[in-house]
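Structure first, commentary second.
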Amino acid sequence: MEGQMRGVGIIGYGAYLPLRRIKTSLIAAAWQKEGKQIEKSLGVKEKSVAGLDEDSVTMAVEASLIALERAGIDKTKIGAVFMGSESHPYAVNPSTTKIGEILGIGHDYFTADLEFACKAGTAAIQIVTAFLLGGQIDYGLAIGADTAQGRPGDALEYATAAGAAAFILGRKQEELIVMINDFCSFNSDTPDFWRRSGAKYPSHGGRFTGEKAFFRHTLAAAERLMKKTKTKAGDYDYVVFHMPNSKFPCKAGEMLGFNQKQIKPGLIVEEIGNTYAASSLLGLCAVLDQAKPNQRILLVSYGSGAGSDAFSLTTTAKLTKKQKLGRNYKSFLRKKRYIDYVEYLKLTEAIRG
Amino acid sequence: MGVGFPARIWREAKKEYQILGQEGRLLYWTTIKFPGEGYEQQVPYLVGLIRLDRKKVIGGQLVNWQGKQLKKGMKVVSVPRRMRANGQEEPIRYGIKWKVR
């Protein structure tokens, strides 16, 4: 297989979504806006909301437990933990050591927190893969998790959501359920979306977040990867993008030559919103839950500021058995509880008692 | 030593993490309407007694219980959660709560 990275890949994966949801129409009604129009324009019907006692660390642990169950390894053999988020609970004090301690993986692991907006989770996968390729570790844990923040009344408020995805990666061929064939990254200094140190909510450049930001980087990373791996859109069974809304990933897919059959299984934003660093990774979890052996997946994340990571993946025959272990992504969609806008403001700490 | 004191958080949390992911049975529960320090934003919340095995019964806060008809003997599972709010500047105390299945 082209560019196959000497038997490195995924051996376990796990998704986590909190219980609560709020509908786009309720948020719109609070601001006297037309809910149906916004829902249609964004392609987001509802979004996930973390509980007051949940944060990126707790959600990352929940996803990691499922990934560990699927991987079936001795957790003390994990030699690296990297987590990407825009909502690490501390500005200084790593999320990963709390995750490592709660999971009980011991003390012997390489680790750091990562930030690159919504592509920090895929950056974690790249770093863990590099440690595996270098022979420094046998297994690593890569996580994308966020409790995304949107300013009340701002356009972002309709989509910013909470969730986590975790991947155990390894380098024993016989354990791999997904092979990482190759990956690449395309980056530039683009001020499309930012949150200054100490600010509670992010700011953004409105329509500047489209063509010059999301599309430029997503398309460039995907095109570079397909050139590097000598593949084209038709060679893939699935494609998963970062999902700030429904329209952007669909349009990017069409521009690259993908069809709806390839795009739809990983397009999850309509029911959960934009989970930032977990977005494309949760899309990947949704695809892995249904993929068959020897199917190809193109994964392309996007992080504001800006950059895209693209991965060429191939499932193995071992995936089918692992799909049956642990909680699957769709089970989180079935178990949910709707909240109103006041409870939403309370849970996001926009109002306090 | 205050509840937010780093050494206390470090000592207490390590013991709790050991029961992460364990299942138990709900024995008794009550609703807290007048909370302890750091739990003000979570009111009302439930605390319960959970039987882990024949010898061990443990107390803890219940999560994901709204809208459910709680019954003695219901299965619960331990999940990671933030335990209390210690203000914007104190360290975060993570621990275990019990999710109603």
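The values are calculated or read from the model by the stated rules, or taken from the named source; none is laboratory data. As the structure is a prediction and not an experimental result, all values here were calculated from the model. Please note: Cβ atoms are built from the backbone with ideal geometry, for glycine as well, and neighbour counts cover all protein chains shown.
Does region A:175-194 hold any residues that are farther than 27 Å from A:L156 by Cβ and modelled with pLDDT under 95, and which are they? Within region A:175-194, no residue meets the criteria.
Of the residues making up region B:74-95, those that are crowded, with 19+ Cβ neighbours inside 10 Å, more than 10 Å from chain A (Cβ to nearest Cβ) and of a type in the set (K, R) number 1. Of the residues contained in region B:9-18, none is found to be more than 12 Å from every other protein chain (Cβ to nearest Cβ) and over 27 Å from A:N93 (Cα atoms). Looking at the structure I just gave you, is A:T76 among the hydroxyl-bearing types (S, T, Y) and buried (at least 17 other Cβ atoms within 10 Å of the Cβ)? In short, no.
The single residue among A:G135, A:G121 that is surrounded by 24 or more Cβ atoms within 10 Å (Cβ to Cβ) and either without any contact (Cβ under 8 Å) to a residue 60 or more places away in the chain or part of a helix (DSSP H, G or I) (or both) turns out to be A:G121. Against the list (1) farther than 27 Å from A:Y338 by Cα; (2) away from chain A (no Cβ under 11 Å); (3) buried (at least 18 other Cβ atoms within 10 Å of the Cβ), the condition B:W98 fails is (1).
Assess whether A:G273 counts as being at positive phi and within 14 Å of another protein chain (Cβ to nearest Cβ). For A:G273, the condition - at positive phi and within 14 Å of another protein chain (Cβ to nearest Cβ) - is not met. Scanning region A:291-330 for residues that are aliphatic (A, V, I, L, M), more than 15 Å from the chain's Cα centre (by Cα) and over 27 Å from A:V61 (Cβ atoms) turns up A:A306, A:A317.
I'd like the full set of residues that are more than 18 Å from A:I180 (Cα to Cα) and surrounded by fewer than 17 Cβ atoms within 10 Å (Cβ to Cβ), limited to region A:220-250. Those that are more than 18 Å from A:I180 (Cα to Cα) and surrounded by fewer than 17 Cβ atoms within 10 Å (Cβ to Cβ): A:G234, A:K247. Counted as qualifying within region A:27-116 are the helices (runs of 4 or more DSSP H) with 3 or more residues that are more than 30 Å from A:E343 (Cα to Cα), namely A:56-71, A:95-103.
Exactly one residue out of B:L26, B:L49, B:L62 is within 14 Å of another protein chain (Cβ to nearest Cβ) and among the hydrophobic types (A, V, I, L, M, F, W, C): that is B:L62.
Residues in region A:246-292 that are under 25 Å from A:A67 (Cβ atoms) and basic (K, R): 2 in all. Does region A:159-173 contain at least one residue that is modelled with pLDDT of 95 or more, on the phi > 0 side of the Ramachandran plot and surrounded by fewer than 24 Cβ atoms within 10 Å (Cβ to Cβ)? Checked against the condition, which is being modelled with pLDDT of 95 or more, on the phi > 0 side of the Ramachandran plot and surrounded by fewer than 24 Cβ atoms within 10 Å (Cβ to Cβ), region A:159-173 yields no hits at all. A:S304 fulfils the conditions (1) within 18 Å of A:E157 (Cβ to Cβ); (2) free of Cβ contacts under 8 Å to residues at least 24 places away in the same chain; (3) away from every other protein chain (no Cβ under 14 Å) except for a single criterion, (2). For region A:23-67, taking the residues that are away from every other protein chain (no Cβ under 14 Å) and closer than 22 Å to A:G144 by Cα, the one that is surrounded by the fewest Cβ atoms within 10 Å (Cβ to Cβ) is identified as A:E46.
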